[in-house]
1. Could you pull out every whole DSSP H run in the chain that spans at least 30 Å of Cα extent along its own axis and averages -1.0 or higher on the Kyte-Doolittle scale?
2. Along the charge dipole of segment 37-166, which of Leu139, Ile95, Thr45 sits closest to the positive end, that is, farthest toward it, with unit charges on the beta carbon of Lys, Arg, Asp and Glu (+1, +1, -1, -1)?
3. Please compute the per residue accessible area over the chain with all protein chains in place, 1.4 Å probe, rounded to a whole number of Å².
4. Sort 8-19, 54-65 by the packing proxy (mean of other Cβ within 10 Å over each peptide's residues), most packed first.
5. Using square roots of five times the C-alpha gyration tensor eigenvalues, list the equivalent-ellipsoid semi-axes of segment 71-166 in whole Å, biggest first.
6. Grab the Cα-Cα distance for Leu124 and Asp105, subtract it from 0.36 nm times how many residues apart they are, and report the gain in nm with one decimal.
7. For the chain, with all protein chains present and a 1.4 Å probe, just round the carbon and sulfur fraction of the accessible area to a whole percent.
8. Short version: what are the Cα gyration tensor semi-axes of segment 1-89, square root of 5 times each eigenvalue, largest first, in whole Å?
Amino acid sequence: MMMNGLWQILEPGANWLGNTALALWLGASTGRIAWLLIAHLAGLTMLLGTTLVLNLRLLGLLFGKHPVSELRRELRAWNLTGLGLMLCSGFLIFIGGEISYFNGDWFRIKMEILALALIFHFTLFRKLTKAPENHFPPLWNKLTAAVSLLLWFGVAVSGRSIAFFS
């Protein structure tokens, strides 16, 4: 793991969270966790759907004449709502099953990719999608779209891998 030391630092806090009254209440019911998983997948779907549309536009495969910055503005509320729903429900799912998640390799991989995806999304991707049309060379658009898609779908695949391989 690339951040093994950081995981050791985070472990006491994660253990504390996993033993709070809320965490114990959530973890005591598969029904509550199931509803949180539904919310998590709904958020992920909104986030990935809007991100996919923006990236397809950056790749020149969709909405040819529609400026990226305008498309971004139109999708922004859906994108941020999906991200917020995914992060909030994911946090609750985590604390409800902290013991089984925290030490899992796939969970850690997912969190590391998620951190990279968030940093990329709110820095380079945001700057490029807010810029006027043709402000950056087409190659930058394509590279940005490719990295964005790899990161966000990496989060999704590693999340599914938690269920399948942990």
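1. Working: long enough: 30-58 (41 Å, 1.31); 68-96 (39 Å, 0.79); 138-165 (39 Å, 1.16).
Membrane-span-like by this rule: 30-58, 68-96, 138-165.
2. It is Leu139, whose Cα lies furthest towards the positive end.
3. Working: 9580 Å² over 166 residues.
Heavy-atom accessible area per residue stands at 58 Å².
4. Numbers: 8-19: 12.8, 54-65: 15.7.
The densest-packed peptide leads the list: 54-65, 8-19.
5. Numbers: eigenvalues 178, 46, 17 Å².
Output for segment 71-166: semi-axes of 30, 15, 9 Å.
6. Numbers: separation 19, 0.36 × 19 = 6.84 nm, distance 2.80 nm.
Contour length minus the Cα-Cα distance gives 4.0 nm.
7. Details: 6820 of 9580 Å².
C and S atoms contribute 71 percent here.
8. 36, 18, 10
The values are calculated or read from the model by the stated rules, or taken from the named source; none is laboratory data. All of these numbers come straight from a predicted model, not from anything done at the bench. Here the Cβ is made from the backbone with ideal geometry for all residues, glycine too, and neighbour counts use every protein chain on show. What goes into the accessible areas is simple: the full protein's heavy atoms, side chains included, and nothing from ligands, DNA or RNA. Shrake-Rupley method; radii C 1.70, N 1.55, O 1.52, S 1.80 Å.
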